[in-house]
Each structure stands twice: as C-alpha cells, then as structure tokens.
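The values are calculated or read from the model by the stated rules, or taken from the named source; none is laboratory data. Treat the numbers as computed from the prediction; the structure is a model and nothing was measured. Methodologically, a virtual Cβ is constructed for each residue, glycine included, from the backbone with ideal geometry; neighbour enumeration extends over all protein chains shown.
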Amino acid sequence: MTLFEMLVEALSQLPQPAHIDAIKERVKEIAAAQGIERKTFSVRTVLSQNKDVFKNVNPGSGMWALAAGGPLPDVWDEGLNDLGEPEGKRVLVAHLRAERSRKLVAAFKARLPNFKCTACSFDFEVRYGELGAGFIEAHHIEPVSKLKGDKAPDLNQLAALCSNCHRMIHKAGLISVEELKRRMQL
C-alpha cells in the first residue's frame, strides 16, 4: 500500500477537514495494520503534490480534506460550465463492484437467434447498419449485486435488451421485462 493510498484511506475515515497531525496518526495506524514499518512519512509533500485529490482547506491551518467533497471555487475558471459545476475534474473513487462474467455474456449472445430487444423489438443493425450488427445488452434478471459469487452461471438468467430498455428497467427499480412491456403498452 503506497503512502498516497494510505492518505486517501485515512482522510476517508476521518471527519473532514482533518488536521495534518490527525492524518499522520491515522496513516501510522494504517501502516502498522498493513505491516509497513517506516519511521517517517512525507505526508505534507504527498498532500501538496496531489491537489486534484487532496485540498488544503485553509492554507497555513494544517487542515486537509479530500478534494471531491469540497466547495466549488468562487471564480469562473478551471473548466467551469455556465452552471458553475466542474466538468472533467479528476476524482479518485474507491468502491467494491460485483464482477460480471464476460464469458457468460458472450455465450448468451452466441445462442441468440437475433439481436432484437426482448422488450421493444429494437434492432441495432436495422437502425445503424453494420455498426449496430450483433449489438445488444445482456440484462441480468437476478441482479449481480445480489449474487454472492457462489452460483454457477445460468444463461436463462439473462435477457437481451436495447440500451434504452435496459436503462429504464434499472431506473424503475429493477422491474421485470414483462412489467416494462406493460408500461410501454406493447
């Protein structure tokens, strides 16, 4: 684990903004838990050199925070759009994600008789020509997030959907394909 990663973890665990002394103490605890033995950590240097991730809340105060959670600048610059929100800002995000099997999806698509959406019958090849040939999304009927990684893949737990129908199923709280068809009155 690098010092940068330990700083991100420390600031994620501490109330923000946090004083540099509290950050250093938390980094030492994280390092000890990881079995990392170092007498010195150049915490201030790493914080200062990564301003896209860490923010010096009040220069001179020793207070730091993760940049993603901070207030927006008051000036019109740095790529702000007319809504006053940053575009293209780099933000470090750490999360756990349920893995999807590419082999399962490939096997599912290989057995399809056509690439029409099972909800609305949209066919990407008809609409986009060669660019859309063989394109369709595989929707997991049982959400991958609910799986614990101990079940054998099941091709019958997938449905072929166009991008719009797939998005609407998720937007509506993971309704069934049949319920989506009913709502579209198809």
Just the residues that are among the hydrophobic types (A, V, I, L, M, F, W, C), part of a helix (DSSP H, G or I) and closer than 11 Å to H139 by Cβ, please, taken from region 169-186.
I169, V177, L180
Kindly evaluate E130 against the criterion of being surrounded by 12 or more Cβ atoms within 10 Å (Cβ to Cβ), outside any strand (DSSP E or B) and assigned by TED's automatic domain parsing to the domain that holds A110.
no
Any residue that is closer than 24 Å to A107 by Cβ, free of Cβ contacts under 8 Å to residues at least 12 places away in the same chain and in contact with a Gly (Cβ under 6 Å, 6 or more places away or on another chain) - is there at least one of those in region 147-154?
no
Taking A159 as the residue in question, decide whether it is touching a residue at least 40 places away in the same chain (Cβ under 8 Å), buried (at least 17 other Cβ atoms within 10 Å of the Cβ) and in contact with a strand residue (DSSP E or B) (Cβ under 8 Å, 6 or more places away or on another chain).
yes
Pick from K151, K103, K109: which is part of a loop (DSSP other than H, G, I, E, B) and either farther than 22 Å from L180 by Cα or out of contact with any strand residue (DSSP E or B) (no Cβ under 6 Å at 6 or more places or on another chain) (or both)?
K151
Could you grab me the full set of residues in region 14-52 that are within 30 Å of G88 (Cα to Cα) and exposed (fewer than 11 other Cβ atoms within 10 Å of the Cβ)?
P15, T45, K51
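Yes or no, residue by residue, for (1) closer than 18 Å to V8 by Cα; (2) modelled with pLDDT of 65 or more; (3) touching a Gly at 6+ places or on another chain (Cβ under 8 Å); (4) part of a helix (DSSP H, G or I):
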residue	(1), (2), (3), (4)
A33	yes, yes, no, yes
E37	no, yes, no, no
S48	yes, yes, no, yes
K51	yes, yes, no, no
A65	yes, yes, no, no
D77	no, no, no, no
G84	no, no, no, no
